[in-house]
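The numbers here are math on the coordinates, done by the rules we state, and not lab data. As the structure is a prediction and not an experimental result, all values here were calculated from the model. Heads up, the Cβs are rebuilt from the backbone with ideal geometry, glycines too, and the neighbour counts pull from every protein chain shown.
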Amino acid sequence: MFELNLKACRRAATHRFIVCLFLAFGYFLSPALQAQGQPDTRKMEPCEIKFVQKIKDAEIHHILCPEPSVEDIPLTGDFSIPPSLFARVRFWHQVFVQLSVKDYVIHVSDHPHIVLEVVRFPWLNALGTIDSRARNILKARQRHYKEIFRRMDQGKTLASEHIEAARLSTALKAIPGKSRMATLDLRNQKGQRELMHKGLENSSLYLTHIEQEFKTRSIPPELGLLAFVESTFNIKAVSKVKASGVYQIMPFIARQYMKLTAAIDERRDPIKSAAVAAQILKFNYELLGSWPLAITAYNHGPYGIKQAVKKAQSSDIAVLIDSYNGRGFGFASQNFYAEFLAILYALKHADKHFPDAKILASLNFRNETLDRPMRIRDLSKRFGVSVESLHALNPDLSLSLIRQNGLIPRNFTIKIPLLANGFSQAR
């Protein structure tokens with residue numbers, strides 16, 4: 001399969017680099033930037049991650065960030081990072097591109113950009129799966145900060161804590177009207193850099209087709225990148241509440257739009273699930289009237305967001321995040337749109353953040369809708385392709401169906417691989 005390394009884009013002239021990169025991902029610069037013929041210079045300056053000390057073989061780091069932006073940072077024709085969300089978006093940008101899966105950020109839950117420290121656990125596996133040793137250290141570090149906060153509230157910080165207390169006091173000034181620091185909820189966030197890198201490579205097979213699903217419905221194609229927010233484009237992702245696939249579609253939603261049985265789960269097909277995600281987002285937009293609200297509703301539900309707008313008396317997503325505390329509007333919903341903007345920004349600068357990511361050629365196939373039930377091996381013979389090739393292109397077919405030569409129902413749409421000339425091996 002042809003591979004396009006992002007380093008090859010970098011060797012091109014400036015204007016050709018932009019074209020190379022954005023064509024590789026199937027996304028486009030905003031009309032304003034296209035008209036200028038050059039990249040926009042407004043950007044997020046990187047934060048410095050500074051080593052502080054070691055505690056029980058864990059490495060403690062502090063994050064030092066420049067002042068936040070006071071103007072919009074354009075991303076595409078439909079999306080930009082507003083100053084009101086800049087700090088929150090920058091936090092998620094750090095999570096996606098700077099921090100390893102072995103890094104765990106301790107931050108204020110309602111204000112994730114207020115980072116107390118990053119704890120790095122060098123012994124964790126390649127997926128950053130947390131173990132009891134690391135979990136106990138994180139609990140101890142949170143207790144450490146809670147105790148400092150308690151003494152700061154009482155004005156009784158220890159002499160050894162003065163420098164730390166001053167650092168924390170400066171950071172916590174960003175919380176308006178907060179008088180008691182000991183009541184702050186703290187949270188741990190795992191880094192995602194390696195998962196993003198892998199998802200970026202996986203997605204290159206599908207993004208052209210996903211983009212088309214969104215374009216067909218006349219909505220911004222970059223919305224397809226919500227798959228990175230939901231799952232870092234992990235095709236096998238399944239949540240605790242049984243949401244599945246790269247767009248994490250819940251079973252009750254899937255049953256309205258897709259085939260969902262023990263043998264066939266169309267949520268596992270990134271292209272079919274993209275079509276459903278696009279339908280949901282279009283409905284959300286038509287109901288709510290703005291993309292920040294429609295995107296947040298993908299997580300929280302459209303009628304929940306409609307109620308939030310009514311109660312907050314504002315359709316500004318930043319106002320909802322800061323002031324609305326309705327049922328279920330928790331950390332995931334509050335940060336969903338900021339995560340999406342962080343993903344857009346990260347992929348706009350993918351050559352810098354993921355220089356070794358290999359972009360694979362888009363899948364080449366045609367769709368066939370079955371006019372009668374057929375077994376997988378009969379399909380293999382009919383179209384002259386291997387069972388393995390059919391399964392690779394159709395991840396919605398379960399492994400048990402493949403192994404047992406199961407029956408695929410009438411009206412099921414199956415992908416048939418094509419050769420480079422655009423024709424299948426047999427008809």
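Observations on the model:
- Note on L418 and I175: the model spin-label points, each 7 Å out from Cα along the C-beta direction, lie 5.6 nm apart.
- Separation of the S389 and S84 label points, Cα + 7 Å toward Cβ, nm: 5.3 nm
- Against the main long axis of the alpha-carbon atoms of the chain, helix 291-300 sits at an angle near 90°.
- Classified by the C-alpha gyration tensor, region 199-356 has an oblate form. Its axis ratio a/c, with a ≥ b ≥ c, is 1.5 or above, and a/b does not exceed b/c.
- Average silhouette area of the chain, convex hull of alpha-carbon atoms, in square nanometres: 23.4 nm²
- Working from label points 7 Å from Cα in the Cα-to-Cβ sense, the E194 to V241 distance is 2.9 nm.
- Its Cα gyration tensor gives region 140-217 an equivalent ellipsoid. The semi-axes, each the square root of 5 times an eigenvalue, are 45, 16, 10 Å from largest down.
- Highest-first arrangement of 315-321, 170-176, where packing means the average Cβ count within 10 Å: 315-321, 170-176
- Three-way shape call for region 364-417 based on the alpha-carbon gyration tensor, with the a/c threshold at 1.5: rounded
- Taking amide H as placed 1.01 Å from N in the peptide plane, the amide H of L99 sits under 5 Å from that of Q192, R193, each at least 5 places away or on another chain.
- Only one residue of F365, Q404, V52 has its Cα farthest out toward the positive end of the dipole of the chain, where Lys and Arg carry +1 and Asp and Glu -1 on Cβ, and that residue is Q404.
- Residue exposure proxy: W291, W92, ordered by other Cβ atoms within 10 angstrom of their Cβ from fewest to most, comes out as W291, W92.
- Rounded, prolate or oblate (a/c below 1.5 giving rounded, otherwise prolate when a/b exceeds b/c) for region 48-193 by Cα gyration tensor: oblate
- HN-Hα J in Hz across region 227-238 - Karplus 6.51, -1.76, 1.60, θ = phi - 60°, x for Gly and Pro: 4, 6, 5, 6, 8, 6, 6, 8, 4, 8, 5, 9
- Candidates S244, A263, Y337 compared by Cα position along the dipole of region 199-356: farthest toward the positive end lies A263, with charges placed on Cβ.
- Peptides ranked, highest mean first, by Cβ atoms within 10 Å: ranges 279-285, 295-301, 355-361: 295-301, 279-285, 355-361
- Between N367 and H162, the FRET efficiency estimated from the beta carbon spacing at R0 = 51 angstrom works out to 0.15.
- Given R0 = 51 Å, the distance between the Cβ atoms of K311 and A140 translates into a calculated FRET efficiency of 0.85.
- Tilt relative to the chain, helix 132-154 - C-alpha long axis, 0 to 90 degrees, to 10: 40 degrees
- Dipole magnitude for region 364-417: computed about the Cα centre from +1 point charges on Lys and Arg Cβ and -1 point charges on Asp and Glu Cβ, it is near 140 debye.
- Cα long-axis angle, helix 331-348 against the chain (0 to 90 degrees, to the nearest 10): 70 degrees
- Amide H contacts for R366 (H built 1.01 Å from N in the peptide plane; partners 5 or more residues away or on another chain; cut-off under 5 Å): I416, L418.
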